[in-house]
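Structure first, then comments.
The values are calculated or read from the model by the stated rules, or taken from the named source; none is laboratory data. Only a predicted model underlies this, so the values are computations on that prediction, with no experimental measurement involved. Using ideal geometry, Cβ is built from the backbone for each residue, glycine included, and neighbour counts are taken over all protein chains shown. Just the protein is used for accessible areas: all its heavy atoms, side chains included, with ligands, DNA and RNA removed. Shrake-Rupley method; radii C 1.70, N 1.55, O 1.52, S 1.80 Å.
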2 protein chains.
Amino acid sequence: MSDSPADLIITGCTVLVHDDQERIGFEENATIVVRDGVIESVITGAEEAEARQRVDARGQVALPGLVNCHTHAPMVALRGVAEDLPTEEWFNDVVWPIESNLTEKDVELGARLACAEMIRGGVTCFADHYFSMDAVAAVVAECGIRAHLGEAYFSSQGPQGREKSLEFALRRRGAADGRITTTLAPHAPYTVDDADLAATAELAREHGLPVHLHAAENRDQAETSLARHGVTPIEVLRRTGILDTDVLIAHGTGILDRDLPVLRDATGRVAVATAPRGYLKFAWPTTTPVRALHDLGIPVGLATDGAASNNSLDVWESMALTALIQKSTTGDPRWLTSRQALHHATLQSARAVGLGETVGSIAPGRRADIILVDLTGPHTQPVHDLAATLVHSARSSDVRTTIVDGRILMRDRELLTIDVPAVVRELGERTPALLDRGHGRRIQEYDT
Amino acid sequence: MSDSPADLIITGCTVLVHDDQERIGFEENATIVVRDGVIESVITGAEEAEARQRVDARGQVALPGLVNCHTHAPMVALRGVAEDLPTEEWFNDVVWPIESNLTEKDVELGARLACAEMIRGGVTCFADHYFSMDAVAAVVAECGIRAHLGEAYFSSQGPQGREKSLEFALRRRGAADGRITTTLAPHAPYTVDDADLAATAELAREHGLPVHLHAAENRDQAETSLARHGVTPIEVLRRTGILDTDVLIAHGTGILDRDLPVLRDATGRVAVATAPRGYLKFAWPTTTPVRALHDLGIPVGLATDGAASNNSLDVWESMALTALIQKSTTGDPRWLTSRQALHHATLQSARAVGLGETVGSIAPGRRADIILVDLTGPHTQPVHDLAATLVHSARSSDVRTTIVDGRILMRDRELLTIDVPAVVRELGERTPALLDRGHGRRIQEYDT
């Protein structure tokens, strides 16, 4: 241990820890020492060492920061514009026509509002899949959150789409003091053709980049793909080489039984992001097959999707809903216990965004992405089973403090790096232009 | 209007209102005037009249207070003791053995903690179905919330159970300055025999009391009842005369198609309380058939059940989950819109607990049970569709102020009538005795 003062010492908290078999446990009355953005030690009892900053966290639980493994952050600007609609109408009639109005400034404002929401909800890292991603990267740099960013593209853009995605990924990789990691981001197998996917896989290998895309989003997509092309979306990923890369698949509620051996035999690191709230809201017939993916050893990270469908970026809610919907859809109340849900929220989510060795656990050597959760409210008392209290009683609003890379971004519910009233005001001024659908554009068919 | 000062004036808010066809609307920049616990007027613009108390509610939305239509409030003491278990093990192996330790003091402390949680979550009235209900009534009187209370009984208690329930209902009816209404509370058709249910129906008619009970809780119960007795639980309610009373049925996820004409032909006022979180957690195969009940004109109120199963008393979450689960189970994203969810949360919930003319709407003449919801947080901005913002983006933690009968019980998130740390401390001291299952009692089979 260095003789110089630590950067941050958090005292008196209960810490969620993983044992060497990744089982979730809790250490009481612990002290966390942070230096140079890294967790230096987690010890029991008090720590008298000097520190530039100290946080007294008595009555609070320290968890690894949550990771939103699939979102379109700037879409918070569209929160609530398209309600109670089937997926196709939602996208073609409302969301896409509005998205085609989006300027880089709108993306910047949306990303800033989204980061405010996520930091307040205990999210320390998000995987964003959208357009004008330089604007998002700038917001990430400014507000201190961590992000895994990909510039989305369709084959309808021609090769320029793919090239722009690669250029962004190479240029921004490691930006914001290393808090930004990047990915190639083809939209989906039904909007990016096989040749383009194969070229993407080739670029991923050549440049050591991962791939983040939508695939097998719902059962309809899988069945339409089978009927039209004789292969499932997952089989398209195999034949184009995408499954030989490190790939993050968004949703996967349309993963079929025949896809399971395909996923098992993938030579790349495959992960899936689940955003269960939206599947309920769109009335999709299935959810992500978390149990089958678990049996294959494929990590499933938690996500919210964009707020235009999910209405929030509340990953805490995704954790609770994943537990509840897994019980309900498998018919097994013993499946997906609170500890399993916490495993998804921590190590599995970190792995899904390629940060499995970097964040996702409060342990020496990991980056100091930590949230402090207050359990003194009447809705979280008494505590008979801390894992259950966290998953089923606590809410994102119980996160009091959010720390990324050792820097405090929210303290006692106060955001330190984002001015919410200012961004809400600026976004409000742009709303009439944003919502204008008079142009009649419906350029991207959201269809297989 | 009286010349004397009003008791309370709330200014500058947006008010949820119902039109003469009960459609939900919003009046902006409104002022609500309260006198003698009653809403005197809702007007647009400022109101210069004098008032003993004024609340500046700019940026906030005033809603009718939420009603928790079915709970066992004192069971918050057991929050998290029995996790990830099937219903029978949950009840027989853990919950009932612990409940048999409960003293009147435990019930009092549990009820106080529950009221704190509910007031903080915007709940202004709860329908409680439990034991030692005098202790609950005393807490209700003390903390200022509204409640609809019933002393539960089983036939295994002999006629004394029913008599005690009646005696409680008559003695406490209209207590706490009229905030307490009462009900007869047989446990369920599988724990209360037909003769006892028939006697209950008779007492209800004789004394003008309603009946609140569990029935057709899940599909298993309905099928077991059919196999053993040749009738469904709902048909048991008909043949015993319970459906000729004003009856509140908890859960009803086991209501079968053959029950629908039975419910339609009921001569009493029938309502159902839905607590969807617990159905997911127990992995029950169905949820409350809200759409079929809607088509029969039967109100469905929102509920949480007890926190030993649901892990919280968060009615706001029940509102969101009802919308989501209805979409998912009917396969129709257009069914149960946000406005419909708000109708369940307001007038339908008020009707379910027999207060359809008294609360459930912010309108002159109704009791002043009002909550103020802050929508300035980043997770609720921008507001393109206020109903959707309330149902799908806002959370119970966004309730800033809770008012019952014109009295402020929580102001700016601060509880004014309950000392949470004191009740948590007292409850903690009793936990070892409460959780002791060494006695081996499993006296009440939770079975049909």
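Evaluate the following for B:A323: is it part of a helix (DSSP H, G or I), assigned by the TED database to the domain that holds B:T253, modelled with pLDDT under 95 and at negative phi?
Numbers: part of a helix (DSSP H, G or I): yes; assigned by the TED database to the domain that holds B:T253: yes; modelled with pLDDT under 95: no; at negative phi: yes.
Criteria not met by B:A323.
Looking only at the stretch B:5-44, which residues are of a type outside the set (A, V, I, L, M, F, W, C) and either closer than 16 Å to B:L347 by Cβ or without any contact (Cβ under 8 Å) to a residue 12 or more places away in the chain (or both)?
B:H18, B:D19, B:D20, B:Q21, B:E22, B:R23, B:G25, listed by residue number.
Could you run through the stretch B:376-387 and say how many residues are buried (at least 24 other Cβ atoms within 10 Å of the Cβ) and aliphatic (A, V, I, L, M)? The number of residues fulfilling the criteria is 0. The residues of the stretch A:20-56 that are at pLDDT 95 or above, open to solvent by 30 Å² or more (accessible area, probe 1.4 Å) and under 21 Å from A:V383 (Cβ atoms), listed by number, are A:R23, A:F26, A:E27, A:E28, A:N29, A:V42, A:D56.
Of all the criteria given as (1) open to solvent by less than 10 Å² (accessible area, probe 1.4 Å); (2) out of contact with any strand residue (DSSP E or B) (no Cβ under 8 Å at 6 or more places or on another chain); (3) of a type in the set (G, A, S); (4) under 23 Å from A:A188 (Cβ atoms), the one not satisfied by A:S156 is (1). Restricting attention to the stretch B:47-93 and to residues that are more than 12 Å from chain A (Cβ to nearest Cβ) and part of a helix (DSSP H, G or I), the residue that is nearest to the chain's Cα centre (by Cα) turns out to be B:P74.
The condition of being open to solvent by less than 10 Å² (accessible area, probe 1.4 Å), free of Cβ contacts under 8 Å to residues at least 60 places away in the same chain and in contact with a helix residue (DSSP H, G or I) (Cβ under 8 Å, 6 or more places away or on another chain) holds for only one of A:G254, A:G268, that being A:G254.
Among the residues of the stretch B:299-317, how many are at the interface with chain A (Cβ under 9 Å from one of its Cβ atoms) and part of a helix (DSSP H, G or I)?
Filtering the stretch B:299-317 for residues at the interface with chain A (Cβ under 9 Å from one of its Cβ atoms) gives B:307, B:310-314, B:317.
Okay, now just the ones that are also part of a helix (DSSP H, G or I), so B:307, B:310, B:317.
Counting residues in the stretch B:299-317 that are at the interface with chain A (Cβ under 9 Å from one of its Cβ atoms) and part of a helix (DSSP H, G or I) gives 3.
Determine whether the stretch B:58-78 contains at least one residue that is in contact with a strand residue (DSSP E or B) (Cβ under 8 Å, 6 or more places away or on another chain) and surrounded by fewer than 18 Cβ atoms within 10 Å (Cβ to Cβ). Yes, some residue in the stretch B:58-78 is in contact with a strand residue (DSSP E or B) (Cβ under 8 Å, 6 or more places away or on another chain) and surrounded by fewer than 18 Cβ atoms within 10 Å (Cβ to Cβ).
Specify the residue that is farthest from the other protein chains (Cβ to nearest Cβ); the eligible residues are those in the stretch B:116-148 that are assigned to a helix (DSSP H, G or I) and of a type in the set (D, E). Taking the candidates together, the pick is B:D134.
So is B:T402 more than 8 Å from chain A (Cβ to nearest Cβ) and buried (at least 20 other Cβ atoms within 10 Å of the Cβ) or not?
Spelling it out, B:T402 is indeed more than 8 Å from chain A (Cβ to nearest Cβ) and buried (at least 20 other Cβ atoms within 10 Å of the Cβ).
Of all the criteria given as (1) within 24 Å of the chain's Cα centre (by Cα); (2) more than 7 Å from chain A (Cβ to nearest Cβ); (3) open to solvent by 10 Å² or more (accessible area, probe 1.4 Å), the one not satisfied by B:G360 is (3). Within the stretch B:299-320, can one find any residue that is open to solvent by less than 10 Å² (accessible area, probe 1.4 Å) and without any contact (Cβ under 8 Å) to a residue 40 or more places away in the chain? Yes - at least one qualifying residue is present in the stretch B:299-320.
For A:L263, the conditions (1) in a loop (DSSP other than H, G, I, E, B); (2) in contact (Cβ under 8 Å) with a residue 12 or more places away in the chain all hold with the exception of (1).
Which ones in the stretch A:200-221 are among the aliphatic types (A, V, I, L, M) and crowded, with 21+ Cβ neighbours inside 10 Å? Let's see the steps before the verdict.
As a first pass, look at the stretch A:200-221 and keep what is among the aliphatic types (A, V, I, L, M): A:201, A:203-204, A:209, A:211, A:213, A:215-216.
A:A201, A:A204, A:L209, A:V211, A:L213, A:A215, A:A216 - these are the residues of the stretch A:200-221 that are among the aliphatic types (A, V, I, L, M) and crowded, with 21+ Cβ neighbours inside 10 Å.
For the stretch B:222-245, the candidate set comprises residues that are touching a helix residue (DSSP H, G or I) at 6+ places or on another chain (Cβ under 8 Å) and open to solvent by 60 Å² or more (accessible area, probe 1.4 Å); within that set, the residue that is modelled with the lowest pLDDT is B:H229.
Scanning the stretch A:99-115 for residues that are in a helix (DSSP H, G or I), farther than 17 Å from A:L149 by Cα and either at pLDDT below 95 or in contact with a Cys (Cβ under 8 Å, 6 or more places away or on another chain) (or both) yields one hit, A:E99.
Here is the figure for the stretch B:271-298: residues that are outside any loop (DSSP other than H, G, I, E, B) and more than 8 Å from every other protein chain (Cβ to nearest Cβ) total 12. Residues of the stretch B:384-407 that are in contact (Cβ under 8 Å) with a residue 12 or more places away in the chain and part of a loop (DSSP other than H, G, I, E, B): B:D385, B:A394, B:R395, B:D405, B:G406. For first residues located in the stretch A:142-154 and free of Cβ contacts under 8 Å to residues at least 60 places away in the same chain, partners that are part of a strand (DSSP E or B) and open to solvent by 10 Å² or more (accessible area, probe 1.4 Å) and lie 6+ apart or on another chain with Cβ distances below 8 Å form the pairs A:A147/A:T181; A:L149/A:T181.
Say whether the condition of being in contact (Cβ under 8 Å) with a residue 60 or more places away in the chain, touching a Pro at 6+ places or on another chain (Cβ under 7 Å) and either closer than 27 Å to A:T322 by Cβ or open to solvent by 60 Å² or more (accessible area, probe 1.4 Å) (or both) is met by at least one residue in the stretch A:427-437. Yes, because at least one residue in the stretch A:427-437 is in contact (Cβ under 8 Å) with a residue 60 or more places away in the chain, touching a Pro at 6+ places or on another chain (Cβ under 7 Å) and either closer than 27 Å to A:T322 by Cβ or open to solvent by 60 Å² or more (accessible area, probe 1.4 Å) (or both). Checked against the criterion of being in contact with a Leu (Cβ under 8 Å, 6 or more places away or on another chain) and either hydroxyl-bearing (S, T, Y) or over 19 Å from A:G356 (Cβ atoms) (or both), the stretch A:293-302 contains not a single residue that satisfies it. Here the condition is being open to solvent by 10 Å² or more (accessible area, probe 1.4 Å) and away from chain A (no Cβ under 14 Å); of B:G331, B:G354, it holds for B:G354 alone.
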